[in-house]
Amino acid sequence: MGNVINPAQQITREEDLRLYTPENGWFTFDEYRLGSIEVRKLDDLVVLNEDYFAVPDERLKRLRSVLTVVGGKLVHDEGVLGTS
């Protein structure tokens, strides 16, 4: 994925995912509406084509959504629900 300059300052995949999900609301001053699936929060969800935690680093860029829900509405389904 590139040249590692300081391996001691890398974040883990778990930390990366957390920054994009529950912690993301904090960055936009919207943590009471974003970041987790709870009552009175926006409920967006994606299902990826491969396991984010198991794929090799070089395949991370090729992960894609096979199912996407935005605001509680299905907006993308590559057939995983059998509805398209």
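Computed from the coordinates by the stated procedures, all read-outs in this text should not be read as laboratory data. In this text, all values refer to a predicted model and were calculated from it rather than measured experimentally. Neighbour counts are summed over all protein chains in view; Cβ atoms, including those assigned to glycine, are modelled from backbone coordinates with ideal geometry.
General remarks:
- Loop chymotrypsin sites (Phe, Trp or Tyr not before Pro), the range 18-81 (other Cβ atoms within 10 Å of the site Cβ: 10 or fewer; DSSP): 29, 32, 53
- Candidates 12, 66, 56 compared by Cα position along the dipole of the chain: farthest toward the positive end lies 66, with charges placed on Cβ.
- For residue 10, neighbours were defined as the other residues whose beta-carbon sits under 13 Å from its Cβ, and their charges (Lys and Arg +1, Asp and Glu -1) total -3.
- Kirkwood Rh (inverse of mean 1/r, distinct Cα pairs), the range 38-84, angstrom: 12.0
- The range 1-47: trypsin sites (Lys or Arg not before Pro) in DSSP coil with no more than 15 other Cβ atoms inside 10 Å: 33, 40, 41
- Loop-located GluC sites (Glu not before Pro) in the chain (DSSP state not H, G, I, E or B) with no more than 16 neighbouring Cβ atoms inside 10 Å: 23, 31, 38, 50, 78.
- Label-to-label distance for residue 6 and residue 38 is 3.3 nm, based on points extended 7 Å past Cα in the beta-carbon direction.
- Note that the range 27-43 has calculated 3J(HN,Hα) couplings of 5, 9, 6, 9, 5, 7, 10, 10, x, 8, 8, 8, 4, 6, 10, 5, 10 Hz, one per residue in order, obtained from phi through the Karplus relation 6.51 cos²θ - 1.76 cosθ + 1.60 (θ = phi - 60°); glycine and proline are x.
- Rounded to the nearest 20, the size of the Cβ-charge dipole of the chain about its Cα centre is 180 debye, with Lys and Arg at +1 and Asp and Glu at -1.
- Around the amide H of residue 43, modelled in the peptide plane, lie the amide H atoms of 71, 72, all under 5 Å away and 5 or more residues distant in sequence or on another chain.
- Built from the Cα atoms of the chain, the convex hull projects on average onto 7.1 nm², one quarter of its surface area.
- Phi angles of the range 57-70 translate, via the Karplus equation with coefficients 6.51, -1.76, 1.60 and θ = phi - 60°, into HN-Hα couplings of 3, 5, 9, 4, 5, 9, 5, 9, 7, 9, 8, 9, 10, 10 Hz per residue; Gly and Pro are given as x.
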